[in-house]
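Notes follow once the structure below has been shown.
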Amino acid sequence: MMRLAVFASGEGSNFEAIAKACSDGRLDARVVLMVCDRPGAPVVEKARRMGIESFVFSPRDYESKSSYETEILGELKRREVDLICLAGYMRIVSEVLLRPYEGRILNIHPSLLPSFKGAHAVEQALEYGVKVFGVTVHYVSAELDSGRIIAQRSFEYEGDSAQQVHALGQKIEHELYPEAIQKVINELK
Ligand code: GRF
């Protein structure tokens, strides 16, 4: 069975959706580690409640990105992690992790890529007056939100509330991410 690590920085609703899909048998994998760069984030408590091991760190305790990523890599190797799923992890991943996990790091993004990359995708889409929104699961590459697309789903919305768009998008994310992970697993098998 594939061994997953989920990286998150905030709420962790996607982390929870992935972990539930694994325990339900909808996803043929196991979450063996949750990695978080914000010690107080709600995802840390979610992992604890679900009995999933976590590696939580503060980037400011390290002298560089490569020093904390080297430590993360050690945690991944120790648990024989096959696949990394970024789920609201608000940091750019460098070569330290990209090289050993090439083709094995995924991310979920709240827009129909390649439109609206970056941290304010929903707000930018609203600013444009977009009528069709969506979410994308893609491979992670060195360039932000630019790796090859694995799965996408769109939805229509007329209004101006970023909160409403986020809520609609997240409902879709929680189904789409586990499905996309399963697709990647099937291809790796
Ligand atoms: C998601 O909406 C995802 O698209 C974005 O960050 C958010 C994470 O939410 N990359 P959560 O922490 O999984 O609830």
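The values are calculated or read from the model by the stated rules, or taken from the named source; none is laboratory data. Keep in mind that this is a model prediction, so the values were computed, not measured. With ideal geometry, Cβ positions are generated from the backbone for all residues, glycine too; neighbour counts draw on all protein chains shown. In case anyone asks, the SASA skips ligands and DNA or RNA and just uses the protein heavy atoms, side chains included. Shrake-Rupley method; radii C 1.70, N 1.55, O 1.52, S 1.80 Å.
Could the peptides 4-17, 84-97, 175-188 be put in order, highest first, of the mean number of other beta-carbon atoms found within 10 Å of their residues?
Numbers: 4-17: 23.0, 84-97: 19.1, 175-188: 17.4.
For the peptides 4-17, 84-97, 175-188, the packing ranking is 4-17, 84-97, 175-188.
For the chain, what does the equivalent ellipsoid look like in terms of its semi-axes, each the square root of 5 times an eigenvalue of the Cα gyration tensor, given largest first in whole Å?
Those come to 26, 18, 16 Å.
Determine the relative contact order of the chain: mean sequence separation of Cα pairs under 8 Å and six or more apart, normalised by residue count, in whole percent. Can you show the working numbers first?
Numbers: 332 pairs, mean separation 38.5, N = 189.
Computed value for the chain: 20 percent relative contact order.
If packing is taken as the mean number of other Cβ atoms within 10 Å per residue, what is the order of 37-46, 134-143, highest first?
Ranking, from highest mean packing down: 134-143, 37-46.
If R₀ is 25 angstrom, what is the calculated FRET efficiency for the pair Ser94 and His120, using the beta carbon separation as r and rounding to 0.05?
E(calc), rounded to 0.05, equals 0.65.
Rg and Dmax of the range 1-63, Cα atoms, in Å?
Computed over the Cα atoms of the range 1-63, radius of gyration and Dmax are 11.9, 41 Å.
For the chain, what does -39500 (n - 2.57) per DSSP helix run (n ≥ 4), summed and divided by total residues, give at 222 nm, in deg cm²/dmol to the nearest 500? Walk me through the numbers on the way to the answer.
Details: 6 runs with 74 residues, N = 189.
Counting only the DSSP helices, I get -12000 deg cm²/dmol.
Helix 13-24 against the longest principal axis of the chain: what's the angle in degrees, Cα atoms only, rounded to the nearest 10?
Between the helix axis and the principal axis of the chain, the angle is about 70 degrees.
Taking the highest mean first, how do the peptides 120-128, 101-109 order by number of other beta carbon atoms within 10 angstrom per residue?
Values: 120-128: 17.0, 101-109: 20.1.
Highest-to-lowest ranking by the protection proxy: 101-109, 120-128.
Could you list the trypsin sites (Lys or Arg not before Pro) in the range 1-30 that lie in coil according to DSSP, counting only those with at most 16 other Cβ atoms within 10 Å of their Cβ?
Of the trypsin sites (Lys or Arg not before Pro), the ones in loops of the range 1-30 whose Cβ has at most 16 other Cβ atoms within 10 Å are Arg26.
Measure nothing but the geometry: give the 0 to 90° angle between the long axis through the Cα atoms of 162-188 and the longest principal axis through the Cα atoms of the chain, rounded to 10°.
Around 50 degrees separate the two axes.
With each label point set 7 Å from Cα along the Cα-Cβ vector, what nm distance links Arg79 and Lys171?
Taking the two extended label points, one gets 3.1 nm.
Roughly how many Å² is the accessible area per residue of the chain, as a whole number, for a 1.4 Å probe? Mind dumping the intermediate values first?
On the way: 9780 Å² over 189 residues.
Here the per-residue accessible area is 52 Å².
Take the solvent-accessible surface of the protein heavy atoms, probe 1.4 Å, and return the percent of it on the chain that carbon and sulfur atoms account for. Write out the running numbers ahead of the final one.
Working: 4630 of 9780 Å².
Percent of accessible area from carbon and sulfur atoms in the chain: 47.
If one computes the Cα centroid of the range 116-176 and of the range 1-37, what distance in Å separates the two points?
20
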